[in-house]
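Here the structure comes first, spelled out in structure tokens, and everything after it is commentary.
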Amino acid sequence: MLQKTFPITEKTRIKRGANRASYDRALAYQIIDEAMVCHVGFTVKGQPYVIPTFPWRVRDSVYIHGAKGGHMPGQVADGGKVCISITLLDGLVLARSAFHHSVNYRSVVVFGEGQRIDQVEEKVDLLDRMITKVDPGRVRAVRVPNKKELARTSVIGFDLKEVSVKVRSGPPVDDEEDYALPVWAGVLPLSLTAGALQADPQLAAGVPAPDAAAWSVFGAPQQR
């Protein structure tokens, strides 16, 4: 049975701002499930790369996908070591001093080794789960991938074993002597919200729009 917290390793130990560190598994999973973008860092012949992509989680692994033969999938699959970073920005922290301005955020850093998913049924299931994260009901409405499309797509998984979480929340923390300054201080909350649906210009006549409520809250918990 998995522990409720991740083990602290030399790579995951947070030293700077350690009071904001967490290794709570449930909190890490919540942040991953809400995220629409992650950044995947890897090195090729001494040259570092950081590529943004879409992450999704199934149980105790996080997955990414890309074009087979593409630069990132080709480097991080089959044991390629990566650092995956996810940050959710929750607010701008406006302090009385320039030095103490900050942001409220929730972040996850994952260290892992890529595992290429080649078994067709597993790949189809994982891609369905990716679409489900975007819209829980969309898999039932769209055309499923054909053999050619599946062959052109790489799906790569990373076991969630070395993981750290860092969170900042709350008001600014100013120096004691600055609290009397006549400067407004507080937090400007930020969130990711959905706008109005914009139909494809080539949409066939009479096709009804999906329920916009599906996107009212991003990052619904994934199926376990």
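Here are a few things to note about the model shown:
- Whenever a residue of region 67-93 is free of Cβ contacts under 8 Å to residues at least 12 places away in the same chain, it has no partner that is open to solvent by less than 10 Å² (accessible area, probe 1.4 Å) lying with C-beta atoms less than 7 angstrom away and at least six residues away or across chains.
- Qualifying residue in region 95-107 (condition: in contact with a His (Cβ under 9 Å, 6 or more places away or on another chain), among the hydrophobic types (A, V, I, L, M, F, W, C) and under 18 Å from PRO189 (Cβ atoms)): yes
- Within region 27-49, being among the hydrophobic types (A, V, I, L, M, F, W, C) and under 13 Å from the mean Cα position of the chain (by Cα) holds for LEU27, ALA28, ILE31, ILE32, ALA35, MET36, VAL37, CYS38, VAL40.
- A search for C-beta distances below 7 Å between a residue of region 105-130 that is charged (D, E, K, R) and any residue that is modelled with pLDDT under 95, counting only pairs 6+ apart in sequence or on different chains, returns GLU113/GLY79; GLU113/GLY80; GLU113/LYS81; ARG116/ALA77; ARG116/ASP78; ASP128/VAL139; ARG129/GLN222; ARG129/GLN223.
- Only residues that are farther than 11 Å from ILE156 by Cα and under 16 Å from the mean Cα position of the chain (by Cα) were counted in region 58-111, giving 19.
A quick yes/no check of all residues on (1) touching a residue at least 24 places away in the same chain (Cβ under 8 Å); (2) open to solvent by 30 Å² or more (accessible area, probe 1.4 Å); (3) of a type in the set (S, T, N, Q); (4) touching a Ser or Thr at 6+ places or on another chain (Cβ under 7 Å):
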{"position": "GLN3", "(1), (2), (3), (4)": "no, yes, yes, no"}
{"position": "GLU10", "(1), (2), (3), (4)": "no, yes, no, no"}
{"position": "ALA18", "(1), (2), (3), (4)": "no, yes, no, no"}
{"position": "ASP33", "(1), (2), (3), (4)": "yes, no, no, no"}
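- Residue in region 16-26 that is touching a strand residue (DSSP E or B) at 6+ places or on another chain (Cβ under 6 Å), closer than 15 Å to LYS166 by Cα, of a type in the set (A, V, I, L, M) and not in a strand (DSSP E or B) present: no
- Index of the failed condition, ALA204 passing every other in (1) assigned to a loop (DSSP other than H, G, I, E, B); (2) modelled with pLDDT under 95: (2)
- If only residues of region 162-201 that are touching a strand residue (DSSP E or B) at 6+ places or on another chain (Cβ under 9 Å), outside any strand (DSSP E or B) and open to solvent by less than 60 Å² (accessible area, probe 1.4 Å) are counted, the one that is farthest from ILE31 (Cα to Cα) is ALA185.
The values are calculated or read from the model by the stated rules, or taken from the named source; none is laboratory data. Please read these numbers as outputs of a predicted model, since none were measured by experiment. Glycine also receives a Cβ, built like all others from the backbone with ideal geometry; neighbour counts cover every protein chain displayed. Protein only, heavy atoms only, side chains kept; ligands, DNA and RNA dropped before computing areas. Shrake-Rupley method; radii C 1.70, N 1.55, O 1.52, S 1.80 Å.
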